[in-house]
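Chemist: Below is the structure I would like to discuss, written out as structure tokens.
The values are calculated or read from the model by the stated rules, or taken from the named source; none is laboratory data. Everything numeric in this text was worked out from a predicted model, so none of it was measured. Here the Cβ is made from the backbone with ideal geometry for all residues, glycine too, and neighbour counts use every protein chain on show. Accessible surface areas use protein heavy atoms only, side chains included; no ligands, DNA or RNA. Shrake-Rupley method; radii C 1.70, N 1.55, O 1.52, S 1.80 Å.
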Amino acid sequence: MIEPGQLILLISHKGKRYLRKLEAGGEVHTHDGKLLMDEAAEAGFGQYVNTHLGRPYLILKPTLHDLIKGVKRQTQIMYPKEIGYLMMKLGIGPGSTVIESGTGSGGLTTALAWFVGDTGKVITYERRADFFKLAGKNLERVGLKHRVEQVNQNIEDGFLHSGADALFLDVRTPWEYLHSIPNAVIPGAMCGFLLPTVNQVSDLLRGLEDGPFEDLEVLEILVRRWKPVADRLRPDDRMVAHTGFLVFARYMEPPKVEPKPEVEETPVEVEAPAEEPTSETESE
């Protein structure tokens, strides 16, 4: 039995997907006919429910991948292939506070809100009012809006928040905002950036090298899927290749106590043991 308010994923026999919040007495209108929410709730996850025309629909509990793929978008969103590595690199988990700028349609914001849990918080900045509203609707649709604080503001004047555990910028010229990061995050916080071109990455690296940042990393993630047919196993004809460069750096404050230089230890000379007489010497 599925409780009201839970998200459900309905999949037709042709693979068409409907992501919906289950509402008592609600209906889903599809090309295959009308589907009753109460019947879906009674059937449960992993089961089928028929439309009024007798077409079966599979009922599944959506994964984070499903939620991101289902985001209504007006902008390009981050792909799951980047998001997975990003979450691990930034150390995002239950209780984390993370600042994001460049909300867009809210794809990454959805993932961040999923990982921080109810004890964490996502603070996302977006300068465009239309994207700000769209992201809010997408977060509300998947039931994660309560974990997110949206700010409809440009970050050129700095961040309104401080003490974040991590920070991520998906903006065109991130090197222009590096000076604002120290007031926004804790010392040692990981910072991430997404950029589409190599010249932008070079400009960012110059800024990071001149600032209080260490542990720099630049990468791109490529995915090549294989046809899942045992007797004809081979790569797909197409692959998800370059979709953007990920750049990571750790913000580090100058040390309050200068580390002491290492003192080289003087090697201790050990006398070699006396050679034992050979068998020939013994025989003599």
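Chemist: Considering only the chain, what is the antiparallel percent among its DSSP beta bridges, to the nearest 5?
Modeler: 60
Chemist: Roughly to the nearest percent, how much of the accessible area of the chain is carbon and sulfur, given a 1.4 Å probe?
Modeler: 50
Chemist: While we're on this one: Under the rule of at least 5 residues apart or a separate chain, name every residue whose amide H is placed under 5 Å from the amide H of Glu149.
Modeler: HN-HN under 5 Å from Glu149: Val122, Ile123, Thr124.
Chemist: Using the Cα atoms as the points, what is the convex hull volume per residue of the stretch 110-159 in Å³?
Modeler: 66
Chemist: Which Rg and Dmax, in Å, describe the Cα atoms of the stretch 1-60?
Modeler: Taking only Cα atoms of the stretch 1-60, I get Rg and Dmax of 9.9, 27 Å.
Chemist: Using θ = phi - 60° and the Karplus relation 6.51 cos²θ - 1.76 cosθ + 1.60, list the HN-Hα couplings for the stretch 213-218 in order, rounded to whole Hz, with x at every Gly or Pro.
Modeler: Ordered by residue, 3J(HN,Hα) equals 10, 9, 6, 6, 8, 10 Hz.
Chemist: Just the number: Rg to Rh for the stretch 13-125, Cα atoms, Kirkwood Rh, two decimals.
Modeler: On the way: Rg = 17.1 Å, Rh = 16.1 Å.
Ratio value, two decimals: 1.06.
Chemist: Any idea of the accessible area per residue across the stretch 1-67, 1.4 Å probe, to the nearest Å²?
Modeler: 57
Chemist: With both partners inside the stretch 23-168, how many of the DSSP beta bridges are antiparallel, as a percent to the nearest 5? Mind showing how you got there, number by number?
Modeler: Numbers: 7 of 19 bridges.
In the stretch 23-168, DSSP labels about 35 percent of beta bridges as antiparallel.
Chemist: Take the alpha carbon atoms of the stretch 124-178, find their center, do the same for the stretch 189-249, and report the distance between the two centers in whole angstrom.
Modeler: 22
Chemist: Starting from the Cα of Glu209, step 7 Å along the direction of its Cβ; do the same at Tyr85; then give the gap between the two resulting points in nm.
Modeler: 2.2
Chemist: A follow-up question, please. Compute the FRET efficiency between His31 and Glu264 as 1/(1 + (r/R0)^6), taking r as their Cβ-Cβ distance and R0 = 51 Å, and round to the nearest 0.05. Don't skip to the answer; put the middle values down first.
Modeler: Working: r = 77 Å, r/R0 = 1.51.
So the FRET efficiency works out to roughly 0.10.
Chemist: Right, something else. With a cut-off of 20 Å, note down the residues of the stretch 40-76 whose backbone N falls inside the zone around a label point 7 Å from the Cα of Asp130 toward its beta carbon.
Modeler: 71-76
Chemist: Sort 246-256, 142-152 by the packing proxy (mean of other Cβ within 10 Å over each peptide's residues), most packed first.
Modeler: Descending mean neighbour count gives 142-152, 246-256.
Chemist: Is it possible to state the helix-based mean residue ellipticity at 222 nm for the chain, with each DSSP H run of 4+ residues giving -39500 (n - 2.57), the sum divided by total residues, to the nearest 500 deg cm²/dmol? What is it?
Modeler: On the way: 7 runs with 65 residues, N = 284.
Counting only the DSSP helices, I get -6500 deg cm²/dmol.
Chemist: To continue, here is another question. Which order do you get for Glu156, Glu220 if you rank them by accessible area with a 1.4 Å probe, largest at the top?
Modeler: Values: Glu156 110, Glu220 85 Å².
Result, largest first: Glu156, Glu220.
Chemist: With a 1.4 Å probe and all protein chains in place, put Thr124, Thr97 in order of accessible area, largest first.
Modeler: Sorted descending by solvent-accessible area, the residues read Thr97, Thr124.
Chemist: OK, next. Hey, can you grab everything whose amide H is under 5 Å from the amide H of Val240? Only 5+ residues off in sequence or another chain; H modelled, so Pro and N-termini drop out.
Modeler: Val223, Arg225
Chemist: Structure shown: which of Lys14/Lys89; Lys16/Lys121; Lys81/Lys121 lie over 30 Å apart, alpha-carbon to alpha-carbon?
Modeler: Numbers: Lys14/Lys89 37 Å; Lys16/Lys121 33 Å; Lys81/Lys121 23 Å.
Exceeds cut-off: Lys14/Lys89; Lys16/Lys121.
Chemist: Then there's this: Mark the label point 7 Å from the Cα of Asn152 along Cα→Cβ and return the residues of the stretch 110-132 whose backbone N is within less than 15 Å of it.
Modeler: 124-132
Chemist: Continuing with the same structure: Need one number: the % of Cα-Cα pairs in the chain sitting beyond the 29 Å mark.
Modeler: Result for the distance tail: 50 percent.
Chemist: Between Gln6 and Arg232, take the C-beta separation as r, use R0 = 51 Å, and let me know the FRET efficiency to the nearest 0.05.
Modeler: With a Förster radius of 51 Å, E is 0.85.
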